[in-house]
Amino acid sequence: MGIEVTVGDDGIAEVVQNCPPVNALTVAEWFQLADEVRRLGDDRSVRAVILRGEGKGFNAGVDIKEMQNTEGFDALIGANRGCYEAFAAVYECKVPVIAAPHGFCVGGGIGLVGNADIIIAAEGTKFGLPEVDRGALGAATHLSRLVPQHKMREMVYTSQNALAEQLHAWGSVSRVVPADQLVDAARELAASIAAKSPTVIRAAKESLNGIDLWDVKRSYRFEQGFTFELNLSGVSDDLRDDFVTEGKTAGNSGETKTEKGK
């Protein structure tokens, strides 16, 4: 378990988040995901990368329990830097990255999917940023790539989710498929890319990043500064403590209690 990587003879790589119970990644796992995606992009035999998750959902953000059980700011700084590196690795990967979320994609999951090249989602997948409820900010940069601007603001302020079907209607999700068809659909799309000239596809990825409308790395880094300010004020720690306590009280039985957004 952890971050699992496979590369097929067809040049299609899979990066799988398998971190029970909800794919809330530790600091080390965020850095590992970043390293693996960068390594695959540097591998000339790789033609496309599929990023997906096992278990209940795609990604539930950072492991808040790790943060609350770590003295000082090391875990907070580690999570900030780990998320930054992972999001950047997906964006800068030298081959197209196809995100295949299911179940839920919240917090850090939004950063990963928002920086991917193409998204195929399972029916009913929930996308959201619960950051405000956790005393944090961040990944609105990436949510802005998934939903219209005013909807993004509403989702940030309220911590409400949007469904894959809505994102499909807005054009950011390419296809919505039954959960049991998700991997096959992602692999079908990856195969169509892998069949192209790898030299041209790598050039296309670099050129598309070069004409992007804004610098996602700088924008996200700006957001992270406010997270650190809120943490220094003490409000973030109080809200995270409440979240962990609520999760224990609920026995981690419900999605709203187990999603750890960042």
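Since every read-out is calculated from the coordinates, none of them should be taken as a lab result. Fair warning: this is a prediction, and the values are worked out from it, not measured in the lab. As a convention, Cβ positions derive from the backbone with ideal geometry for all residues, glycine included, and neighbour counts pool all protein chains shown.
Tabulated values for the structure
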read-out	value
Derived scalar couplings ³J(HN,Hα) [the stretch 21-36; Karplus, 6.51 cos²θ - 1.76 cosθ + 1.60; whole Hz; x for Gly, Pro]	x, 9, 6, 8, 7, 6, 4, 4, 5, 4, 5, 5, 4, 4, 4, 5
For ALA190, net neighbour charge (Lys/Arg +1, Asp/Glu -1) across residues whose Cβ lies under 12 Å away	-1
Where labels lie 7 Å past Cα in the beta-carbon direction, separation of VAL132 and HIS150 in nm	1.6 nm
Average Cα contact separation per residue, the chain, under 8 Å, 6 or more apart, as relative contact order %	22 percent
Cα gyration tensor shape for the stretch 51-133, rounded if a/c is under 1.5, else prolate or oblate	oblate
Gyration tensor (alpha-carbon) shape descriptor, the chain, a/c threshold 1.5	prolate
Derived scalar couplings ³J(HN,Hα) [the stretch 203-208; Karplus, 6.51 cos²θ - 1.76 cosθ + 1.60; whole Hz; x for Gly, Pro]	5, 4, 4, 5, 5, 5
Qualifying aspartates and glutamates (Cα of each under 12 Å from Cα of LYS205; at least 8 residues distant if same chain)	GLU92, ASP117
Rounded to the nearest 20 debye, dipole of the chain from Cβ charges on Lys, Arg, Asp, Glu	620 debye
Nearest 10 degrees, 0 to 90: helix 216-233 Cα axis against the chain principal axis	10 degrees
Entries of LYS94/LYS217; LYS65/LYS151; LYS196/LYS217 with Cα pairs more than 26 Å apart	LYS65/LYS151; LYS196/LYS217
Exposure proxy order (Cβ contacts within 10 Å, fewest to most) of SER144, SER207	SER207, SER144
Distance between modelled label sites at ALA169 and THR6, nm, 7 Å Cα→Cβ extension	3.6 nm
Whether the stretch 110-172 is rounded, prolate or oblate, judged on the alpha carbon gyration tensor where a/c under 1.5 counts as rounded	prolate
Potential extension, ASN18-PHE73 segment - 0.36 nm per residue separation minus Cα distance	17.2 nm
Where a label projected 7 Å from the Cα of ALA191 along Cα→Cβ would reach, residues of the stretch 5-21 with amide N under 13 Å	9-12
Gain on full stretching of the segment that runs from ARG221 to ALA179 - 0.36 nm per residue minus C-alpha separation	11.8 nm
Taking the stretch 62-192 and dividing mean pair separation by its residue count, relative contact order in percent (alpha carbons under 8 Å, at least six apart)	23 percent
